[in-house]
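The values are calculated or read from the model by the stated rules, or taken from the named source; none is laboratory data. If you're wondering where the values come from, they're calculated on a predicted model, not measured in any experiment. Cβ placement follows ideal geometry from the backbone for every residue including glycine, while neighbour counts extend to all protein chains displayed. Quick note on the areas: whole protein, heavy atoms, side chains included, nothing else; ligands and nucleic acids left out. Shrake-Rupley method; radii C 1.70, N 1.55, O 1.52, S 1.80 Å.
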Amino acid sequence: MSHNPYEAAGFYDAAIAAGRHRAVVGGRWDETGRIQMEVLRAAGLQPHHYLLDIGAGSLRLGCKAVPYLEPGHYWATDASRAIMLAGHREELAEPERLDPAQLIEDPRFEFPGIPQTITHAIAFAVFPHLPMAYLRRALTNLRQFERLERFLFTVFLAPDAVQAAHPYRQPDGVVTHDIRPPYHVLADDVEHLARCTGWQVARHAVILPRGQVLYSATRQAAED
């Protein structure tokens, strides 16, 4: 049996019907969306760039990124298209700036229908809910976007292999685990997955909600 509530039958439908489209993607709605925009702009995102918001939920980032970017430059994926459409309906100040066709259901990180114009991608508070294989899958499949300059993602870290085998209390109080969500990983795991899939990663010092750690992935330089 899965410990992940997002995989429960009817989870999203019930949340949307109850008006909880914000709550199901985590707390600190405004704070987290603002931080996402800050890290993206620090990573060089400008209005003419094209952003892929992976695990976009009810557009916590989208409601800030869509007004910032030129029309048509925001794309989003999530395991549930319904939750993204709820965000489109309830959270966008100018919904006409975002074509709902750019909200794509994609539970397997295959990125169907995402254009080659994407220059930046972000997966914020996505991989703590999923086994590590999903991070590898995302890194592998993002290689198809030749114009992608930077992929930002967050994880929970455990300090060493011994502590990783047990529940670990993060700096913000969240208890993470190795074999059930919320998951933690080792920094060595992140670096290994990146290296094996053709990326190099840098860890950022920015303090994120609940003690998540921000990584930035860029393509490995071609060997001479």
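Values for this structure:
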{"quantity": "Residue that is within 28 Å of residue 186 (Cα to Cα) and either outside any strand (DSSP E or B) or not basic (Lys, Arg) (or both), where the choices are 147, 137", "calculated": "137"}
{"quantity": "Pairs, first within 23 Å of residue 46 (Cα to Cα) in segment 120-146, second open to solvent by 60 Å² or more (accessible area, probe 1.4 Å) and among the acidic types (Asp, Glu), C-beta under 8 Å, six or more apart", "calculated": "120/149"}
{"quantity": "Segment 113-144, subset among the aliphatic types (A, V, I, L, M) and touching a helix residue (DSSP H, G or I) at 6+ places or on another chain (Cβ under 7 Å), residue most open to solvent (accessible area, probe 1.4 Å)", "calculated": "132"}
{"quantity": "Where a residue in segment 86-99 is of a type in the set (Lys, Arg) and its partner, wherever it lies, is assigned to a helix (DSSP H, G or I), with Cβ under 6 Å and at least six apart", "calculated": "97/66"}
{"quantity": "Selection count where residues are surrounded by 15 or more Cβ atoms within 10 Å (Cβ to Cβ), out of contact with any helix residue (DSSP H, G or I) (no Cβ under 7 Å at 6 or more places or on another chain) and assigned to a loop (DSSP other than H, G, I, E, B), scope segment 96-106", "calculated": "1"}
{"quantity": "Verdict on residue 180 being basic (Lys, Arg), open to solvent by 20 Å² or more (accessible area, probe 1.4 Å) and within 17 Å of residue 134 (Cα to Cα)", "calculated": "yes"}
{"quantity": "Unmet requirement for residue 52, which otherwise passes all of (1) part of a loop (DSSP other than H, G, I, E, B); (2) hydrophobic (A, V, I, L, M, F, W, C); (3) modelled with pLDDT of 95 or more", "calculated": "(1)"}
{"quantity": "Some residue of segment 53-62 being open to solvent by 40 Å² or more (accessible area, probe 1.4 Å) and under 17 Å from the mean Cα position of the chain (by Cα)", "calculated": "no"}
{"quantity": "Sole residue being in contact with a helix residue (DSSP H, G or I) (Cβ under 9 Å, 6 or more places away or on another chain), open to solvent by 10 Å² or more (accessible area, probe 1.4 Å) and assigned to a loop (DSSP other than H, G, I, E, B), chosen from 82, 93", "calculated": "93"}
{"quantity": "Candidates 206, 162 - the one that is open to solvent by 50 Å² or more (accessible area, probe 1.4 Å), assigned to a loop (DSSP other than H, G, I, E, B) and of a type in the set (A, V, I, L, M, F, W, C)", "calculated": "206"}
